[in-house]
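Dumping the structure here so I can ask a few things about it.
The values are calculated or read from the model by the stated rules, or taken from the named source; none is laboratory data. What you see is a predicted model; the values in this text were computed from it and never measured. Cβ atoms come from the backbone with ideal geometry, glycine included; neighbour counts cover every protein chain shown. Areas reflect the complete protein model, heavy atoms only, side chains present, ligands, DNA and RNA absent. Shrake-Rupley method; radii C 1.70, N 1.55, O 1.52, S 1.80 Å.
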Amino acid sequence: MPRIALVTYDPRPEPSRDRDLPVLREALTAAGAEADVVFWDDAGVDWGGYDLALIRSTWDYSMRSAEFVAWAHKCASLTRLANPAEVVRWNTDKRYLGELAEAGVPVVPTRYLAPGDPADLPRDHEYVVKPTSGAGARYAARYTPDRHDTAVAHLARMHEEGFTAMVQPYVRSIDATGERALQFFGGRLLHASRKQAVLAPGTAFDADKVAHPGLEPWTPTPAELAVAERALAAVPDAPEVLYARVDLVDGEDGRPQLMELELVEPNLFLFLHPESTARVVRAVLAEAGKGHP
């Protein structure tokens, strides 16, 4: 009986927002595995007692990224970790978008402003400011040039807290065609979804946001699949990843561009694609059977 740790975060005092976690645990148990839901920062967990630690919803990691990366390396020294610790380290900092762009992947144009850099923000087009370490649109906001002072204050707040900011033009196609999420599991396309715009004009950067508004199933186009596969192939050293979510939007030319490549803790949206659960379970069990690398 394989022992699998489904790794999440401690949501207390709020209930967990991971709707997939109980579904996956039940399906793995039904398939003959012992599946435990555990918190990544629980010092009492015996990671070496598991055949696989599967990162699922560690959704507080971006506020503690250095601590989280250190945990990933420690966990990987004791058991098999999915995704691998080096992939986790690379993917926790969205400056990876620059590396993918250099590798020829079509990426939404992105600039980075680290603490100490001048507040060089656009004055002629709408744009987005967000941290390089973030999840669920945390600390993200959309600005028009007339809100320059508000954007500067947002940037200063992030820099005070030690975050590097990323600045991207607001991709206006999102308002019309949305953002597509192509999810891969076990090296193959699992399913795809589309969501509406997350950032509304005038919403404060520290306001709560709905991370996946208007989520619906989506059939990816050949062009979207090609960009997704190109992005995955460009991950440094082409490591084996168990799961991935590739977020795409339409650029000014109508062609898909990479918004984000999520290799740490992507929501699988199994509640929207219940037919995918069996495939996920098979892939997880196969990964657990490989043993500690």
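Put VAL69, VAL129 in order of accessible area, largest first, 1.4 Å probe: what do you get?
Solvent-accessible surface, decreasing: VAL69, VAL129.
Tell me, in nm to one decimal, what length is gained between ARG111 and THR177 on full extension, where the rule is 0.36 nm per residue of separation less the Cα-Cα distance?
Fully extending the segment from ARG111 to THR177 adds 21.3 nm.
Another question about this same structure. Please give the residues of region 212-245, grouped as numeric ranges, whose backbone N is less than 14 Å from a label point set 7 Å along the Cα-to-Cβ vector of LYS290.
Those under the cut-off are 238-244.
Based on DSSP H runs of at least 4 residues, each adding -39500 (n - 2.57), what is the mean residue ellipticity at 222 nm of the chain after dividing by all its residues, to the nearest 500 deg cm²/dmol?
-8000 deg cm²/dmol
So what is the accessible area of region 160-245 per residue, in Å², with the probe set to 1.4 Å?
For region 160-245, the solvent-accessible area averages 47 Å² per residue.
Around LEU52, under 10 Å between beta carbons, what's the net of Lys plus Arg minus Asp minus Glu among the other residues?
+1
Let me know the shape class of region 113-164, please: from the alpha-carbon gyration tensor, a ≥ b ≥ c as square roots of the eigenvalues, rounded when a/c is under 1.5, otherwise prolate if a/b is greater than b/c, or oblate.
oblate
Quick check: net charge around LEU24, other residues with Cβ under 11 Å of its Cβ, Lys/Arg +1 and Asp/Glu -1?
Local charge sum for LEU24: 0.
Let me ask something else. Note the full-extension length gain between HIS125 and GLU14 as 0.36 nm times their separation in residues minus their Cα-Cα distance, in nm to one decimal.
The HIS125-GLU14 span can extend by a further 36.1 nm.
Given the whole protein assembly as supplied and a 1.4 Å probe, what does the accessible area of MET166 come to in Å², nearest 10?
It works out to around 0 Å².
Take the Cβ-Cβ distance between GLU216 and LYS74 as r, set R0 to 45 Å, and report the resulting FRET efficiency rounded to the nearest 0.05.
Between GLU216 and LYS74 the formula returns 0.70.
Starting from the 7 Å offset along Cα-to-Cβ, what nm value, one decimal, do you get for the label separation of ALA200 and ARG282?
4.3 nm
Restricting to bridges with both residues inside the chain, how much of the DSSP beta-bridge set is antiparallel, in percent to the nearest 5?
70 percent
What does the charge count around ARG172 come to, taking other residues whose C-beta lies under 12 Å from its C-beta (Lys +1, Arg +1, Asp -1, Glu -1)?
Net charge around ARG172: -3.
Rounded to the nearest 10 Å², what accessible area does THR177 have for a 1.4 Å probe in the complete protein model?
The accessible area comes out at roughly 50 Å².
Sticking with this one: Report, to the nearest whole %, how much of the accessible area of region 171-293 belongs to carbon and sulfur atoms, 1.4 Å probe, protein only.
53 percent
Oh, and also: I'd like the FRET efficiency for ASP208 and ARG255, computed as 1/(1 + (r/R0)^6) with the beta carbon distance as r and R0 of 22 Å, rounded to 0.05.
0.10
Separate question: Please compute the alpha carbon radius of gyration of region 12-79, then divide it by the globular-protein estimate 2.2 N^0.38 Å. Two decimals is fine.
For region 12-79, the normalised Cα radius of gyration is 1.18.
In whole Å, what are the extents of region 235-293 along the principal axes defined by its C-alpha atoms, from largest to smallest?
46, 33, 15
Here is a further query. Which residues does the label zone of ALA223 cover in region 179-198, counting backbone N under 16 Å from a point 7 Å along Cα→Cβ?
Within reach of a label on ALA223, which here means backbone N under 16 Å from a point 7 Å along Cα→Cβ, region 179-198 contributes 179-181.
While we're looking at this one, here's another question. Using r as the Cβ-Cβ distance of GLU102 and ALA43, and R0 as 41 Å, what FRET efficiency do you calculate, to the nearest 0.05?
Calculated transfer efficiency: 0.55.
Angle check, please: helix 277-288 long axis (alpha carbons) against the longest principal axis of the chain (alpha carbons), in degrees 0 to 90, nearest 10.
That works out to roughly 70 degrees.
Oh, and also: From the protein chains alone at 1.4 Å, what is the descending order of accessible area for ARG19, ARG142, largest first?
ARG19, ARG142
Sort out for me the Cα centre separation of region 1-62 from region 201-275, rounded to whole Å.
If we compute the Cα centre of each part, the gap is 23 Å.
Quick one: if you stick a label point 7 Å off each Cα along the C-beta vector at ARG188 and PHE271, how many nm between them?
So the two model labels end up 2.7 nm from each other.
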